[in-house]
1. Using a 1.4 angstrom probe on heavy atoms only, work out the carbon and sulfur share of the accessible area of the stretch A:526-598 in %.
2. Compute the normalised compactness of the protein assembly as shown: alpha-carbon radius of gyration over 2.2 N^0.38 Å, N being the residue count.
3. For chain A, what does the helix formula give at 222 nm: sum of -39500 (n - 2.57) over DSSP H segments with n ≥ 4, over the residue count, nearest 500 deg cm²/dmol?
4. Find the relative contact order for chain B and round it to a whole percent, using C-alpha pairs within less than 8 Å whose residues are 6+ positions apart.
5. Give me the compactness ratio for the stretch A:90-192, meaning the Cα radius of gyration over 2.2 N^0.38 Å.
6. Taking every pair of Cα atoms in chain B, average 1/r, invert it to obtain the Kirkwood radius, and report Rg/Rh to two decimals.
7. May I ask you to rank A:D608, B:D132 by accessible area, largest first, using a 1.4 Å probe over the protein chains only?
8. Per residue, how large is the accessible surface of the stretch B:191-341? Use a 1.4 angstrom probe and give square angstrom.
Amino acid sequence: MIKSYKISFSGQVQGVGFRPYVYNLALKFNLKGTVSNNEDGVLIFTSGNPQNISAFYKKLTEFPPPISKIKTKSIIETENLIFEDFRIIPSTKNGQLNLPLTPDFAICKDCKNDIENPENRRYNYAFTTCVNCGPRWAITQTFPFERSNTSIDEFPMCAKCKKEYNSPINRRFHSQTNTCSTCGIQLKLINNLGETIKIEQSNLFKKIAALLSEGNIIGIKNTSGYLLCCNAENPKIVQKLRNKKHRPNKPFAVLYPSLKFLQKEVILNDKQLKSLASAERPINIVSLENYKGKLALQQVAPNLNQLGIMLPYTGILQLLANELNFPIVATSGNIHGSPIISTNGDALEKLQQVADYFLQHNLKIEHPQDDSVVKFSTKFQQKVLFRRSLGYAPNYLEASINSEEKILAMGAHLKSTIAFYPNSNLYISQYLGNLDNFDVYNRFTETTENFIQLFEQQPEIILVDKHPMYQSTQFGKELAKKTNSKLLEIQHHKAHFTAVLGEHNLFNEKVLGVIFDGTGFGDDENIWGGEFFSYQNNKIERIGQVENFDWLLGDKMSKEPRLSLLSLASEEMKSILEQKFTSNELKNYGYLKSQNKLKTSSVGRLFDAVASILNITDFNTYEGEAAILLENSISNYDLRTCKSYSQLTSLGFSAKEIIKNIYKDVENGTSREQIITNFLFSLATHILNFSKVKGFTKIALSGGVFQNTTLVDMLLELAPKEIKLYFHKDLSPNDENSSFGQLMYYLNINK
Amino acid sequence: MDIENIGFETINLGHGSGGELTRNLLDKIIFKTFSNPYLDQKHDGSIVKIEGEVAISTDSFVITPIFFKGGNIGELAVHGTVNDVAMCGAIPKYLSLAFIIEEGLKVSEFIEIVQSIKKAADESGVLIITGDTKVVERGKGDKIFINTTGFGQVHPKANISVHNIKEGDKIIVNGFIAQHGMAIMSEREGLEFESTIESDSTNLNFLVNDLLDVFGDKIKLFRDPTRGGIGTVLHEIANDINKGVFLKEAIIPLEKQVAAACEMLGLDPMYVANEGVFLVVVDPSVENEVLNVMRNHKKGKNAAIIGEITNEHPNKVVMESLIGGKRIVSPLVGEQLPRIC
Ligand SMILES: [Fe+3]
Ligand SMILES: [Mg+2]
Ligand SMILES: [Zn+2]
Ligand SMILES: [Zn+2]
């Protein structure tokens, strides 16, 4: 007996080879019907033996295409439909778009084989892709993910490519990004005067490898933006790149030619291996303990015992890697603080003084993205996302949201992202950067406007941080006026809290929120950053904090760890301060401190003070440097030797007390490593004890401080069984999660 | 002036009562100092002549400390108002002068202030034509408050209005910024810098007059960026005309010691107060000539073309920074709250 069914899927189901997969599966199960993309996802009508259809459906849901993510699925019987065969029919768009966008995918094994195989017609073709891999969000102009809606549409398929596209048994059946060297994207090598270097395509990557080996800096246009590359084993050239980028110390990421090469130099754990083979393929921050290679470490990652490493994730990088016999620095193509460059013109104009050569191509990048960065903690392999961008953005499929309102959240300031809920999907943009920079600000506003256009939905409510001087707040306010939207200001750390609650769907629970962060504008107009919140029944209450200390000298305090020490120091530490400040500074700052009214509870500043008192650093050259150096000054910890530097008080704990006791240990000659370990132990025990005293069994942790994976490990190790810790899952603990947190706050917290 | 002759060392409530003591104070110090035909009539007010349109501006001066390096509250009270009148495109002629004195002010200090006022008024070419003196109880003032109102004749060639400003117009500053604010701060808070910073308080009306003589309506706007600094004023301009301001940090005149002092205190010189500084927005056809005239004048030796008006980013002030890259100069909301994590 023949029956007919309608099957629908939503989630990440477009641009991932879903329709060809369905097609081939349907043939296997002897089914007739149609499959198409629509505004909600993928829609299948099929007629056949009900048993076959049921098996087909089971297979499809249990083993969907490798890079797809099914969010919802349904199967319902319909009136009898008659089909002659099974076919993919053109996309239909009836209503408003209601689809996740598709992120970019790292090159798959099959495509890698194609470009490395001299027999294959795509041998050496850098833009080889298939339904399982290639750029998506980077080239997306509009919906749904069809070739005509992307910038690849400028390259009409040749006869051979078309044939693949139309052949159901081909991996490139309905592959929207299908091109080859005949019809596809062209690479071109130029020098920094803009002159073309004449070279046969077959020798191009050999030439680039040779230039790199000779000590040149090369700007390479990847499919998501420019990278600046140089030989990572050559200290002079890495230093030169630092000077030219105006980036004195912030570590560079290193691209290894192959996994094999990488594993000769560093030891990778299972999670790292998996991550480096994933379709997202982020930069992994790995330990340099027992490092065995020849990298110019002091120039690549000054004073660190960790390193950001990556493996080739596009055809371009793969072909280059194949010619390299050394790892290369691969850092975002920009001047420090500006957004990643994505056009040939910009690259030549802005990086002319930085790069000696440029490898360009003529594919237009619609959505430039930096590489994503992840770190797994040493002991428990807990995943901590440092930057969520390429491969992840712009979707967030995990949240459960049920709202009729169109909501736009503007995030924070320094690590800006936006979140938009225009339909039943949530979109979180890639990391956009520091909004003080005008070019970043422009990218931020363009991304916002692009989201609004793409989904054909105006926001009805706009959420901003409470800080009046965040550019995102100011832009959000302007936009609210322009679009006649409601506006809501949300406290920074409460948004951090609701971001974790949202990631784990904890809004029906009683949860302690521990938000340890750099800065944020508090409800009492002080600078918060060491907060204990309770959540219950849709209410958040501040139930504890790091005891207030003086916030001095505006943003300068965050740049100079010695100022945090000055703020927290007691009289006995005078001689230490005298080494760190001129007498004029001491006199002036002493006066300003005595007059100061602005207070803070920032744990970020406490980290700074500890770094300063241990003479690790007094000046930050990049954000969070002191805290990173602090974590990097220790390798392993032993809980049995740890002690706490302060007592839990009714309010929380005192940063001054911690510094006072650290000072005692410094005077006693306790080792720096032991002091740092004790310090992290103090924080971990305070968190757990506070939770115990206040009767919580669930703790949600957020804020930049939880990028410290040693602290994360300690917490996991110390937490008793009955305590459940919730860290961020698919978002970063830093301010990148603000936009999502604001959205969750708006939807779940009763004011 | 000899203090012995005045007959008292501090000013007390009686000096403001309107009686004998007041008369004494006025005669012996004020009338004697400022003597001119209008004031000498000793009427309740003065009748003066001004041709054409009249520009009027008033300001109250409540600064602490009242004496600082490079000046005192007296000359500030003259320069502030004279400059405000000048910024209207007018030639300041007359000034009213009112004191609110907290009892206990030393007569010697008062005399020094009055003499500074006299000197500053003479140098600015204005006459003090009317005034008032009140004394308040101890604790109800802060040594001395001064109010001045200036009256000026609008320059016949002036056509000053933000609405004349067009895309491409240039923004010129007459000299080093942020000096006054840092000088006051160092004095008030007892802060110490590598070298002493002096207030640049001065009158700008002659330079303004010269510019109007030569360039007339090619000059679109004068503004003196006092409180809030040039950052705040440029924001106001951008918002008033719904256009953007684009600046080049490297060109903005800033003295090394002042920059170092700002750096030390974590202050952005863009928001620090000025007294002897003004911004002029001019038609691009005359930018270089204006710059020349300014540089040849002693109040504009360090003048520089610091930026221009643009349609690129309405309502925003954007600055090309020293190391390349552009940063947004955001409007000040309250104090400078930290934003870095
Ligand atoms: Fe934060
Ligand atoms: Mg005024
Ligand atoms: Zn592939
Ligand atoms: Zn082709």
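The values are calculated or read from the model by the stated rules, or taken from the named source; none is laboratory data. In this text the structure is predicted, and so the values were computed from the model without any measurement. Cβ coordinates were reconstructed from backbone atoms using ideal geometry, including for glycine residues, and neighbour counts include every protein chain displayed. Remember, those area values only see protein heavy atoms, side chains included, never the ligands or the DNA or RNA. Shrake-Rupley method; radii C 1.70, N 1.55, O 1.52, S 1.80 Å.
1. Working: 1280 of 2850 Å².
The value for the stretch A:526-598 is 45 percent carbon and sulfur by accessible area.
2. On the way: Rg = 34.3 Å, N = 1092, 2.2 N^0.38 = 31.4 Å.
Normalised Rg, Cα atoms only: 1.09.
3. Working: 24 runs with 246 residues, N = 751.
Value at 222 nm, helices only: -9500 deg cm²/dmol.
4. Details: 735 pairs, mean separation 70.4, N = 341.
This gives 21 percent for chain B.
5. Working: Rg = 14.5 Å, N = 103, 2.2 N^0.38 = 12.8 Å.
Working it through for the stretch A:90-192, the quotient is 1.13.
6. On the way: Rg = 21.3 Å, Rh = 21.2 Å.
Rounded to two decimals, Rg over Rh is 1.00.
7. Working: A:D608 5, B:D132 65 Å².
Largest accessible area first, the residues go B:D132, A:D608.
8. Numbers: 6040 Å² over 151 residues.
Accessible area per residue, the stretch B:191-341: 40 Å².
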